[in-house]
Every structure is written in C-alpha cells, then in structure tokens.
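Data first, discussion second: the structure below is written as structure tokens.
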Amino acid sequence: MIEWAVDGDTLHVTDADNAELAVTGDDLDVSSSDSDVSRPVDETVALTTDELRFPHAVVYAFSLGREEQYELDPSGEPLALSSGEYVVDIDTEIKAYLQFTGEATIEKTDDYEEVVVSFPDRTRVVLGVRCRHELPAGTITVPDSPSAIAEAITHMAASHKTTRPDRSYPTLRGHPSLIEHGERLEIPDCIRADTPDHGIELILPPDYESLFVAAPLAYYLQATVRTTDAGSDSRPGADPDRPRLRLRDHGREEELSPMPALERDVERLLRKTFFLDCLARNAGPHGTTLSESSLLAALGLDASVLYHASPQDRLATYLDVPYAAIKHRLPEWHLSTYVSPTYDSVETLPFLLDRLSMIYTPQTSELEGQELVERSLEDFYRGNGGPAEFASGIQVTPAIGSGRDSGRSRATTGQVASVDIVKPELRSGRTHGWLADGVPIDVFKSTPAAYHNRLEFLEQASDSTSICVVLNDPEMAGEHDDVAEIYRQRSEELTIDLTVAESLETAALARVLEDDNDFVHYIGHCETGGLCCPDGTLATSSLDRCNAQTFFLNACGSFYEGMTLIEKGSVAGAVTVTKVLNDHAVKVGSTFAKLLVHGFSIERAMVLARRRIMMGKDYAVVGDGTHSLTQAESRNPTTARLEELGEGGSDGQYLLSLDCYSTRVTGSYYFPHTETNDYAYLCGNESNFTLTESELATMLAETEASVIYDGDIYWSKELSKRFDR
C-alpha cells in the first residue's frame, strides 16, 4: 500500500511499513498518472520540474533505446545523460524509478546527503514507486493433513513478482498468503491463478518435519510440492519414500536425504541457488558491479545465459555446481528459525518464508554448571576474525567487586521471576528465532501472535514514531536521561514524538501500554507480581490489550511480563531473564536505544548492546526479533569495526571492516563509499578497507553505521570528528 501527498515543493511517499520517501523539486507540479514504467511498481505519479532531489542512494540509469546501463559514480562525479529515453533506478527505502525522455544530469551533493536529477528545461517525468514490505494477499485454509500443507506451500510462491534471478531481490518476492486452520483445503482462485508451474517438483514424505524444513526451498524455487503418498512416480530402483527434487522437462531426479539430514540438503541447495541467482541477476536491468561476480567466470558460467534461461534450465545448471566450489564465498545466512513441526504451527510459515528464513526442528539440552556465565564471557571476549558484530572487541568495566552478583542490583527486596534457560542446538545463521517450547539462550523467543500483530501495525497508517520513556525508580535516572537524549537527537532527523514520564502508578502505566505507542522504554523494577509502580505492581496479564508496538522492559526478571505483552498485542521487545546489575542495565539500555532508532532490528540491536557487558546473556528478545522500529537512513543497518594499523597522527593507517545485513531484506547489496572502491557487496559479506586518517574521517562522515572502536560503540558521524583534523 503506497500513499502520497504534496507539501509545497515536496512529494511525500509512505508505505504500509511507515517507510518514507521525500522528493523535492523546484516549482514542483505533481499529478496522478496511469503511465506505465518498465519496472515493477505499485504506484506512479507525474512530476513536472527542472530539478528533483532524492535522499542519498545508489543510482543506475538505463537507456531504453540503446540498452545501455550507467552508474552514478560513488566518488561524486556527475552522470550526464544525452538525449534519449531513460529509466533511472534510485535505491531508496521505498524503491523509486524515474522514466523520462530527454537529457539529464545526475549528481550527489557535496555532503553526499542527496541525489540531484536536473534537466535543461522543465520536464515531465513519471515517478514509479514500489514498497519493499508487502502485506499478504489472501488466505489459504488448510486441514490437518500433510498433503494439504504441501499444496499450501506450493501456492506460497504466488507472491513472487518475477521468475528470473531478480527474485533474489527482496522487493520482487512479496509476502506469501496467510494460512489458517479449517476443515478442508480452500485456495482462492486468484492465488491459484498466480501460482507458477515451472516443472520443478519437490516430493517429500507425508510428515510435518520434512514439509516445514523444505518449505523455504520450495518457496524460493517456486516448486510444486507433493507428498510421496500422493501417487508420485519415482525412477526405477529409487526409494519411493525418499525426498527428491525433480526437474520434469529434463527427466532429472535428485535424491535428498531423509530427516534429519534433509535439513543439511535443503540448506545447501537454497544457499547455493540463492547466491548464484544474486550473481546471475547482474546481467539483467537491475544489475550492479558486485565484488562476488567474478566467481561465475571461475565456474565457467555465463550470467547472461543464466539470466534468460527458464527456471528449470537455470536450476539444472546450478545443480551441477559442486557445493564445495562456492561454500567459502557464500554470505552467512541471515536467519534461521526453529519451529515445532505441528499442525498448530502451520500459520507461521508465510511469515518465515517472507523473511526467507531457514526452518529447522528444535533441539535443546540443559546448561551445565556455570555454562551460562561462561558463554556470556566467551561472547564478550571473542577475538577478531568473524563478522564485525560478533568479533566485537568491546571492553567493559566490571561492577565493584569481582563476583557474578557484584555491584548494585536493579532488583528490589521482592521476589524476581526465575526462568529455566536451556541450550539450543543451533545450525547456521546470523540470527536465530525460536517457535517452540523452552527458553533458549542466543535466540529470540517468538510466538504466532507476534507475526499477526506485526501485520496489524503495518495496516495502521502513522505519520510519526511515538516513543514513551518511563522512569519508575529515581535511582535509575542516569539511564533515563541518556536514552531520552538519544531519542531527542534522533527526532531531529526522523519524525519522533517523545514522551517522558516518571513514577507512574499502575493505572497510568497500564494506559501507556494500552495507548498507541510505537515503543515503550520502561526503566525500573519487576517482581513476580509484575512491573513495579509507586502503588504496587502491574501484571501485564491484566491489560485488555497492549498497543505498544515494541518495548524494552529494562528491569530484573521481566521475561514473562514481556511474553505476555506479545500475546496481548505487541510485536517484539527486549527483556531480562534474571537479576541484572544497575550499571550494566544503563549500558545496555543506552546502546540499545541508539541502535533501535537508527533502524536496527530488535534482535540485532540487543545482540550488539549486550556485548557491552560481561553478563550479556541476562538479556533477551521476545516476539518477532526481525522487526524494526524505524527505517535506517541507509536502509540496511551497518556495523563497522575500526582498528588502528600504524602510529597515530595524520599519516596513520586504519582498517575499517563493514558488515551490512538485515533479516528483512536478504539479497540486497551495499556500496561502501571510499575513493578507491568500485564494487558493491552482497549484504552478509564483509568488506575491508585500509584508509588514511583523512580518508577515514570522510568515509565515517558519509556513512550511517555503528562503529566498534577502542573498546566501545560509537555512531559513525560522531566518530568522524575525532579524525577530521
């Protein structure tokens, strides 16, 4: 859903996910348009002006007559387009395309904050826009039957907007239809009509374990899924009950392993296919200069042939590529979710496929002895070598004393709810979600309600982000002041309505949680009876409804209160699973606040924030941890690690490692803005640059990122001033 409005010379475009795009023009004239744009768009408008200004973005121009492609130089050199017919791809938070006929000049402003498209005279152009996050279209009803679930999974692919390798772009997949329980299988005609049949089949045993695990592969391949008890033929001599992938026109059948090894086979097939699609798509109109693209030539593959091949022919080529030949080049998969494979869990499949999550069966074991403490310390002290956010190098000043309970605790004299933590058996993935029994460490604990709640918030139009900070203990004013200032500073760049409240009684705190707030940051105490207030405790179970979209209950033992808020209507939140030290809570709270309002997902913000303290495992996320409160200026939040290589001073050398990824938009790319870089990188792959001090200052000033440097976390634009001498 796209909406647009004009305010003076500025066109404001918003989508259902509250993403915003502001386009400014001199003496701008805007009108509705039914003109076609040669790209998939949700809405078009006609603009007449001699200059348009967009937010900072990667920009490509395509000549429709000559089939040539141009890129706006990242170093800032203008791009001059001679007379012709063009489509200009502007990769902002809401995807934008300009289509026009004539001459144009495209350039970045000196501060790299804007992209300017100018014309010799007033020119009529068509602006096409496409939202990146789409609401599901329709609902499929399924009975408790594996064969019915198989057919429902087949129709998840109806949401794809292309059959080419461009499907690796998140904006061209779409949100699958919802699934609900019923007595019989019911698939709306419009969904049936939009479901492709490419001759790719996945034949699976009639059990929920196999169907759940294979669902992401089936969805991405747009495969027809059938169960082995449905009378499917198998080649002579093959085990008819074994999972298999069939290419009908090729007469080819690949046997897959039965569970539990099916998890490994699906993971490898999906990661390989997705990665090779990311490389092959560069032969199409949405291509870019990827650093990883040279691998295709090394494998003897032609991107143009792959791009124009049928899905079945392309997959046949991919199957011939040994996994060992590419496994070291694959970006780490962005998300893995562990789901109880039951009929009751079927409703979560569309949400997980929308995020293109791997799906695994949940396995846990008990934590032994001091393992929770040891794992916290291991995370904190973990050395370099991995992605930036995991090789943190962040230092900590321990609380007074030397034991686990040293320092002043945030707990009161009341009893704090205890949580039985278990150890999950985690497979590959940067982020891990848990849709099963138990409370594991290192994952966000979600429920089906969280995903349905997210859809409800997407459907609610909002012009601003409302944040309420609640301080319910005067002794914790330090955190209160820090986070309030962080939100105020961010409100200068985004539309944020900030409310600050202190010493709320139970009725007032209940109203805060029941009111329409996008984020509630509670600072105080929590006991078994609920959140502490001057007149008693507020049990979140007593709320009729929670309308706080997200929250942080920075209080001891707030896990169960947070889980209840999810069931009552919230999407996601941060909680604690035990007693926490007050100075630790301040560090986590302030860092989490800064990351959250800069577009980081709830889970990733918490992963980074809790690495500032030794006992980071005391903090966790409940609900849909992939959810983000606000959009980031760079769309894909970036983390950097900065190391000094030589002596200080103007001639010093620095190693800057960038890590850009999001659980919401896998398949995207990012372009580091250095003077010598000519390549884009797939999100999930780290890029490294050796810079002088002056080069570093410039890059940090032009980058939106959290930077791990000298034992702490900084924001890039703030840190740039330290090197700008």
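The values are calculated or read from the model by the stated rules, or taken from the named source; none is laboratory data. Just so we're clear, the structure is a prediction, and the values are computed from it rather than from any experiment. Every residue, glycine among them, receives a Cβ derived from its backbone with ideal geometry; neighbour counts consider all protein chains shown. The accessibility values were calculated without ligands, DNA or RNA, using every heavy atom of the protein model including side chains. Shrake-Rupley method; radii C 1.70, N 1.55, O 1.52, S 1.80 Å.
Figures for the structure shown
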| read-out | value |
| --- | --- |
| Subset of the range 420-440 (residues that are crowded, with 19+ Cβ neighbours inside 10 Å and either hydrophobic (A, V, I, L, M, F, W, C) or over 16 Å from TRP333 (Cα atoms) (or both)) | ILE421, PRO424, TRP434, LEU435, ALA436, VAL439, PRO440 |
| Given (1) open to solvent by less than 20 Å² (accessible area, probe 1.4 Å); (2) of a type in the set (Val, Ile, Thr); (3) closer than 21 Å to TYR70 by Cα; (4) out of contact with any His (no Cβ under 7 Å at 6 or more places or on another chain), index of the condition THR105 fails | (1) |
| Qualifying residue in the range 494-510 (condition: under 17 Å from HIS598 (Cα atoms), out of contact with any strand residue (DSSP E or B) (no Cβ under 6 Å at 6 or more places or on another chain) and either buried (at least 16 other Cβ atoms within 10 Å of the Cβ) or touching a residue at least 12 places away in the same chain (Cβ under 8 Å) (or both)) | yes |
| Subset of the range 117-164 (residues that are in a strand (DSSP E or B), surrounded by fewer than 20 Cβ atoms within 10 Å (Cβ to Cβ) and not hydrophobic (A, V, I, L, M, F, W, C)) | SER118, PRO120, ASP121, ARG122, THR123, ARG124, THR139, THR141 |
| Matching entry among ASP241, ASP229, ASP313, ASP233 (being assigned to a helix (DSSP H, G or I), open to solvent by 30 Å² or more (accessible area, probe 1.4 Å) and modelled with pLDDT under 95) | ASP229 |
| Selected residue (only one of GLU675, GLU693 is open to solvent by less than 10 Å² (accessible area, probe 1.4 Å) and in contact with a Ser or Thr (Cβ under 9 Å, 6 or more places away or on another chain)) | GLU693 |
| Test set (1) touching a residue at least 12 places away in the same chain (Cβ under 8 Å); (2) in contact with a strand residue (DSSP E or B) (Cβ under 6 Å, 6 or more places away or on another chain) - ALA19 fails condition number | (2) |
| Every residue from the range 326-344 that is at pLDDT 95 or above and surrounded by fewer than 18 Cβ atoms within 10 Å (Cβ to Cβ) | SER340, THR342, TYR343, ASP344 |
| Criterion violated by ARG167 - all others in (1) charged (D, E, K, R); (2) within 30 Å of TYR307 (Cβ to Cβ); (3) not assigned by the TED database to the domain that holds ALA214 satisfied | (3) |
| Residue selected from the range 165-192 under the condition at pLDDT 90 or above and basic (Lys, Arg), by the criterion most open to solvent (accessible area, probe 1.4 Å) | ARG184 |
| Failed item in (1) touching a Gly at 6+ places or on another chain (Cβ under 6 Å); (2) surrounded by fewer than 21 Cβ atoms within 10 Å (Cβ to Cβ); (3) among the polar types (S, T, N, Q), with SER542 passing the rest | (1) |
| Test: residue in the range 63-71 that is in contact (Cβ under 8 Å) with a residue 60 or more places away in the chain and either open to solvent by less than 50 Å² (accessible area, probe 1.4 Å) or under 30 Å from ILE496 (Cα atoms) (or both) | no |
| Meets criteria (within 23 Å of THR224 (Cβ to Cβ) and touching a Gly at 6+ places or on another chain (Cβ under 6 Å)) for ASP313 | no |
| Filter result (more than 21 Å from HIS198 (Cα to Cα) and open to solvent by less than 10 Å² (accessible area, probe 1.4 Å)) within the range 246-278 | LEU262 |
| Subset of the range 593-618 (residues that are touching a His at 6+ places or on another chain (Cβ under 9 Å), modelled with pLDDT of 90 or more and not aliphatic (A, V, I, L, M)) | SER601, GLU603 |
| Residue ID - nearest to VAL607 (Cα to Cα), chosen from residues in the range 421-460 that are at pLDDT 95 or above, among the hydrophobic types (A, V, I, L, M, F, W, C) and assigned to a strand (DSSP E or B) | PHE444 |
| Of all residues in the range 462-493 being open to solvent by less than 20 Å² (accessible area, probe 1.4 Å) and in a helix (DSSP H, G or I), the one that is nearest to GLU20 (Cα to Cα) | ARG490 |
| Number of the condition not met by PRO78 [criteria: (1) out of contact with any His (no Cβ under 9 Å at 6 or more places or on another chain); (2) at pLDDT below 90] | (2) |
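Quick grid of which residues meet (1) outside any strand (DSSP E or B); (2) under 22 Å from LEU608 (Cβ atoms):
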| site | (1), (2) |
| --- | --- |
| ASP659 | no, yes |
| THR663 | yes, yes |
| GLY667 | yes, no |
| ASN677 | yes, no |
| GLY684 | yes, yes |
| THR690 | no, no |
| ALA697 | yes, no |
